[in-house]
Amino acid sequence: MDQDEVLRYASSFGAAAVAYAEHRPDYAQAAVCWALDPRPARACSTWAPEPAS
């Protein structure tokens with residue numbers, strides 16, 4: 001893809017992008033708080049094998 005094609009595709013959303021930005025819902029407050037929480041996250045492994053019996 002040449003530079004002209006890239007620019008044409010990049011600008012193809014024009015008015016639709018403006019309308020989307022005006023009407024899209026905000027992020028849920030809880031999700032923003034979770035994402036910005038400075039406490040270390042707890043991780044769990046779902047792929048670890050079960051311990052041998």
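Each reported figure results from applying straightforward, stated rules to the coordinates on display, with no laboratory input. No experiment lies behind these values; they were computed from the predicted model shown. Counting neighbours? That spans all protein chains shown, and the Cβs are built from the backbone with ideal geometry, glycine included.
Using a simple spin-label model with pseudo-atoms 7 Å out from Cα toward Cβ, ARG8 and ALA35 lie 3.4 nm apart.
The distance between label points at ALA21 and MET1 comes to 2.0 nm (points 7 Å beyond Cα on the Cα→Cβ vector).
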